[in-house]
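Let me begin by presenting the structure, written as structure tokens, before commenting on it.
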Amino acid sequence: MGRPDGTLVKGIPAFDTLIPHVMNRRCDATNFAKVEIDITNLQAYLGKLRAEGHRVGIMDATIAAFAFMIKKRPEINRFVVNKKIYQRNHTCVSFVMLKRGQEQEEPIETVVKVYIEPGDDLLTISRKVRETIKENEQPQTQNNVDRFVDKIMALPLLPGFLVGGIKLMDRYGILPKSIIKLSPFHASMFISNLASIRMDYLYHHLYEFGTASLFATLGKPKKDSNAKRTMMLGVSIDERICKGAIWAKAFFEFKQCIENPEKFMGEL
């Protein structure tokens, strides 16, 4: 049975198909991992790119490394809905960004989503991130998500009724593709750059709504005892989508990509 965003996974062991029935909520099936990365080479590489006129940040590189990880291990781009495991048919990343304006004492948040296409590399991903941020950075700018939420919240009783209807359609695979494309909760992963607000990493919950099976937070870089620059990621994963051994290999490859950017940050 297909969905607009994925295809039912077949041929997996019976025990793996049983697990979503045992743990039928994402919060029941969430595992947490701390990933420590040496970013010494990455920072030098990004400095080289900036000298060449490319504005590329650590978050861009992190997104690119996750895209590399998904390409190598497509199993981690799966999701569970209605106790069934699906393979996502695209790769996209959602993140929260801050809107900043001269008249705003407190920054305003919005949520955006970037799609990763075959053939993308660090520079094209960075350009997509920069363009998305630029389109949404002004306080008065409303993206499709903002407008949709405003419409929902404008009428009494509508939010609960409409969200309930969306959840029901999503459960049975009939949620329109247009809403899936709009929703930041339907994504390969959700990422939050806590270093941008001078915070360390934390373990964020996975949302029951939507299909995101992976949530990562970036902590502020630090120097270790050997004077190397390191960055910690707090990662929350839905253990139902694939075996732990696959996650272990995937995070090893993710670290390899970040720590050796010149070798791995090419075409993803």
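The values are calculated or read from the model by the stated rules, or taken from the named source; none is laboratory data. What you see is a predicted model, and the numbers here were worked out from it, not measured in a lab. Methodologically, a virtual Cβ is constructed for each residue, glycine included, from the backbone with ideal geometry; neighbour enumeration extends over all protein chains shown.
Of note:
- Yes/no for ASP238 being modelled with pLDDT of 95 or more and among the acidic types (Asp, Glu): yes
- Residue within the stretch 8-28 that is among the β-branched types (Val, Ile, Thr), under 22 Å from LEU175 (Cβ atoms) and over 19 Å from the mean Cα position of the chain (by Cα) present: yes
- Scanning the stretch 188-235 for residues that are buried (at least 18 other Cβ atoms within 10 Å of the Cβ), assigned to a loop (DSSP other than H, G, I, E, B), in contact with a Ser or Thr (Cβ under 6 Å, 6 or more places away or on another chain) and in contact (Cβ under 8 Å) with a residue 60 or more places away in the chain yields a total of 3.
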